[in-house]
Amino acid sequence: MRNLARELPFPKAVEQAVDYCIQHGILEDFLLRNRVEAIEMSIFEYDEEKYLKSEREVWRMEGREEGITVGHKAGYEEAEKRFSSLMQILLETGRNGDVERAVSDQNYREQLYQKYHL
């Protein structure tokens, strides 16, 4: 019903959800006997503010997860580019010993990043 309510007015979403249940044998006997009451009860018991709050929370979590994924990817790509640039500078200037040290010593690598403005 939530998916339907995103695209349709709530009363219409309730009707379609009831139709779906009947067509797929979900509470079919009950809904056939009590269709009108079930629809009315769903509509009148519906708390729009509670529903919207729930949906906002879902959207917020989805956005947060997407932001974390995008941020991690961007950070990884930036770190790779930064490291690659440093290695290129060190190799071009014949500082092979510094390459080994930079690979294994994070503090030294950070000093080199500062020195070469990377």
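The values are calculated or read from the model by the stated rules, or taken from the named source; none is laboratory data. The structure presented is a predicted model; accordingly, all values stated were derived computationally and were not measured. All Cβ positions, glycine included, derive from the backbone under ideal geometry; neighbour counts span all protein chains shown. These accessible areas exclude ligands, DNA and RNA; they are computed on the full protein's heavy atoms, side chains included. Shrake-Rupley method; radii C 1.70, N 1.55, O 1.52, S 1.80 Å.
Quick check on the stretch 81-101: of everything there that is acidic (Asp, Glu) and farther than 15 Å from LYS115 by Cα, which residue is nearest to the chain's Cα centre (by Cα)? Among them, the one singled out is GLU100. Among the residues of the stretch 1-26, those that are in a helix (DSSP H, G or I) and either at positive phi or of a type in the set (A, V, I, L, M, F, W, C) (or both) comprise LEU4, ALA5, PHE10, ALA13, VAL14, ALA17, VAL18, CYS21, ILE22. Residue check: is GLY67 open to solvent by less than 50 Å² (accessible area, probe 1.4 Å) and assigned to a loop (DSSP other than H, G, I, E, B)? Against the criterion (open to solvent by less than 50 Å² (accessible area, probe 1.4 Å) and assigned to a loop (DSSP other than H, G, I, E, B)), GLY67 does not qualify. Taking the criterion of being out of contact with any Phe, Trp or Tyr (no Cβ under 9 Å at 6 or more places or on another chain), open to solvent by 70 Å² or more (accessible area, probe 1.4 Å) and assigned to a helix (DSSP H, G or I), the residues of the stretch 84-102 that qualify are GLN88, LEU91, GLU92, ASN96, GLU100.
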